[in-house]
Structures are given as C-alpha cells and as structure tokens.
Amino acid sequence: MNNGFENISSPSKDLFFHSDDPEDRRLGDIVSATSYEDADIGIVGCPQEEGVIRAGGPIGSAASPDLIRREFYRFTNFGITRRIFDLGNIIS
C-alpha cells in the first residue's frame, strides 16, 4: 500500500529541542514526527540547491531545512494548540 511518503525522509530526532521545564514548553516539545493522521499542520523540507547552482552561487543551501529545524524547535510554542507534524525532507 502506498502511504504517499516514499520520497520523504523522516527528520532526525536530534533536531527536536526539548525543554526539561513543563512551564517552558518549546516547539520541539509539541511537534510530532510520528503521527500525521490527526495533524492540523504539516511541515516538509525541500533540501535542494538547483537555483543556487544555476546562479553560480555557493553550494550548501540543501542543508537549510535541517538547520532551520534545529533553531525552529527551540522557539517557545507561543500557546499553539494545533497539532503539528514534521514529515521530514523530500528526497531529491
């Protein structure tokens, strides 16, 4: 059966920052990488740099989705009540 995620790699668990303080929950504490069925919002990364290559720019932008995740999951959760799922990155 095709679940639609054959061309997506799951995000690394070490990208999800977790606060040890229940009064200071972070996005890494509330975003799931395991349960997409009930999610309200999905996150997907596109690690490619074709445009940079064509423009003659420096290589390295393909690492951006995971670098963004590493910082994004440190943010406070801002009282978000939506269920968020991180699908991972598209395999290019």
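The values are calculated or read from the model by the stated rules, or taken from the named source; none is laboratory data. On a predicted model such as this, the values are computed, not experimentally measured, just so you know. Cβ sites come from the backbone with ideal geometry, for glycine too, and all protein chains shown count toward neighbours. Accessible surface areas use protein heavy atoms only, side chains included; no ligands, DNA or RNA. Shrake-Rupley method; radii C 1.70, N 1.55, O 1.52, S 1.80 Å.
In segment 38-70, how many are open to solvent by 70 Å² or more (accessible area, probe 1.4 Å), touching a Phe, Trp or Tyr at 6+ places or on another chain (Cβ under 9 Å) and either aliphatic (A, V, I, L, M) or closer than 18 Å to Thr81 by Cβ (or both)?
Residues meeting the conditions: 3.
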Taking only segment 76-92 into account, find how many residues are more than 13 Å from the chain's Cα centre (by Cα) and either part of a helix (DSSP H, G or I) or among the aromatic types (Phe, Trp, Tyr) (or both).
1
Any chance segment 68-75 includes a residue that's of a type in the set (A, V, I, L, M, F, W, C), at pLDDT 90 or above, assigned to a loop (DSSP other than H, G, I, E, B) and in contact with a Leu (Cβ under 7 Å, 6 or more places away or on another chain)?
yes
Conditions first: (1) aliphatic (A, V, I, L, M); (2) surrounded by 13 or more Cβ atoms within 10 Å (Cβ to Cβ); (3) more than 25 Å from Phe5 (Cα to Cα). Ile30 passes all but one, so which condition is the exception?
(3)
